Amino acid sequence: MIYSFGECELDLPRYQLRRAGEERSIEPQVFDVLALLIRERRRVVPKEEILDTVWGSRFVSESTLTSRIKAARRAIGDDGTRQELIRTVHGRGYQFVGTVEELGDAPAPAAAAAAAPPPQQIRFCTARDGTRLAYATLGEGPPLVKAANWLSHLDYDWESPVWRHWLVELSRRFRLVRYDERGCGLSDWDVPRFAFDDWVDDLETVVDTAGLDRFPLLGLSQGGPVAIAYAVRHPERVSHLVLCGTFAQGRRKRARSSDELELAEARIDMVRLGWGRPDPTYRQMFVARFLPDGDQDEWRSFDELQRRSTPPENAWRFVDAFSDIDVSDLAPRLTVPTLILAGRREPDGVFEQSRVLASLIPGSRLVPLDTANHLLPERDPAWPQFLAEIDAFLDVHPAPPAP
């Protein structure tokens, strides 16, 4: 459905707002608020309903909603004084009062045009300590290796709106090699230990088994430090390093006060005590961290991904081990071209950690992304920016979408 009003069009399938024929960049929650008000334009939508619909079970203040309304008005050429399109009904809520024409369904976005995902081949290899690791290859062209990160499932990822567009777009550009880390997804869940050196060894095992000689390496989240350590260990094999939303030091290591350390330990204990409960509240602590601007469907999908990907005991072991990661001594030893991308509004100081990495890695380049999301949804305005930076840095030209 496309809603047309004034000089604007709100394109729901494409998650686009166009004004005077040009796409306007707006935050996902602003888009969702605007879509709700237009869809329910025949009535005043109470503030509580907007908060429940857009933010779900998350607690947000009324000032958050007010700021999103202000941003929506600004994007469509309205303001709080004129209220020609969005009217404030004091004490109740908001109503969209502009004249709207429904233009019907638009063609599907190119990235989602193919009903079936590209075929992938799942294989297994064995780490030095006997742990079986599942890895997958998909797409054609030059290789790209993605270091494993929290959390993945080689099979279920295709059903998840959190990951599907990543796989579609990266496989249009590369022969993508990815794997489930030990204790996760299709790899062995019952493993003797979770240690940083094991994760680096596991990446080494997958690369060797896949028969790759030289390739760019992508590290997201805690996969970034693993990718850094591998590139230091094997500079002759890594042509380029791409880091996104990652860090030099885990939460324990970078804590600068007793309060910061206590908060880090509390988060780890929350996973130990609450991860396996049927109530998703405890797991959603991590959903809020990874997708603060996600919609309800994305939150539900990410929670399901977490539940399917690893058992409660392993979830606790993961976050406990992540907190002790420290590659601040390794990063200055990197000799490969390095691109660092990070959402400038990410919580928990991730952007600051990316700045630290950029200062440590010789010749690296930092690209701020205008987002608060850790894992970029397809509708996030930062997603096409991420792809454009990858294309330019690695000098690739994506294949056209499947017919």
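The values are calculated or read from the model by the stated rules, or taken from the named source; none is laboratory data. Because the structure is predicted, anything quoted here is derived from the model rather than measured. FYI the Cβ positions are ideal-geometry reconstructions off the backbone, even for glycines, and counts take in every protein chain you see. Areas reflect the complete protein model, heavy atoms only, side chains present, ligands, DNA and RNA absent. Shrake-Rupley method; radii C 1.70, N 1.55, O 1.52, S 1.80 Å.
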- request: Consider residue 325 carefully, then state whether it is of a type in the set (A, V, I, L, M) and touching a Leu at 6+ places or on another chain (Cβ under 8 Å).
  value: no
field: Search result, residues across the range 35-51 that are more than 23 Å from the chain's Cα centre (by Cα) and of a type outside the set (Val, Ile, Thr)
entry: 36, 37, 39, 40, 41, 42, 43, 46, 47, 48, 49
Cross-chain or 6+ apart pairs with Cβ under 8 Å, the range 374-389 first and crowded, with 21+ Cβ neighbours inside 10 Å, then assigned to a helix (DSSP H, G or I) and aliphatic (A, V, I, L, M): 374/350; 376/382
message: Testing residue 329 on (1) without any contact (Cβ under 8 Å) to a residue 24 or more places away in the chain; (2) under 20 Å from the mean Cα position of the chain (by Cα); (3) closer than 19 Å to residue 199 by Cα, one condition comes back false. Which one is that?
response: (2)
field: Members of the range 84-96 that are over 35 Å from the mean Cα position of the chain (by Cα) and assigned to a loop (DSSP other than H, G, I, E, B)
entry: 84, 90, 91
- prompt: Name the residues in the range 305-327 that are open to solvent by 40 Å² or more (accessible area, probe 1.4 Å) and farther than 24 Å from residue 262 by Cβ, would you?
  reply: 307, 308
- prompt: Is it the case that the range 328-343 has a residue that's crowded, with 19+ Cβ neighbours inside 10 Å, under 20 Å from residue 168 (Cβ atoms) and in contact with a His (Cβ under 7 Å, 6 or more places away or on another chain)?
  reply: no
task: Determine which member of the set 226, 271 is in a helix (DSSP H, G or I), within 20 Å of residue 153 (Cβ to Cβ) and out of contact with any Gly (no Cβ under 9 Å at 6 or more places or on another chain).
output: 271
message: Every residue in the range 390-399 that is touching a residue at least 40 places away in the same chain (Cβ under 8 Å), in a helix (DSSP H, G or I) and open to solvent by 20 Å² or more (accessible area, probe 1.4 Å), please.
response: 391, 393, 394
Residue 102 at pLDDT below 90 and either open to solvent by less than 70 Å² (accessible area, probe 1.4 Å) or touching a helix residue (DSSP H, G or I) at 6+ places or on another chain (Cβ under 8 Å) (or both): no
- request: Can you tell me which residue within the range 75-98, out of those that are farther than 20 Å from residue 24 by Cα and touching a Phe, Trp or Tyr at 6+ places or on another chain (Cβ under 8 Å), is least open to solvent (accessible area, probe 1.4 Å)?
  value: 88
message: Just checking, does the range 273-280 include any residue being over 19 Å from residue 372 (Cβ atoms) and touching a Pro at 6+ places or on another chain (Cβ under 6 Å)?
response: yes
query: In the range 201-213, is there at least one residue being at pLDDT 95 or above, more than 20 Å from residue 123 (Cβ to Cβ) and small (Gly, Ala, Ser)?
result: no
field: Top-ranked residue in the range 253-288 [being basic (Lys, Arg) and more than 23 Å from the chain's Cα centre (by Cα); ranked as most open to solvent (accessible area, probe 1.4 Å)]
entry: 256
query: Given the residues 212, 217, which is the only one that is in contact with a Pro (Cβ under 6 Å, 6 or more places away or on another chain) and of a type outside the set (S, T, N, Q)?
result: 212
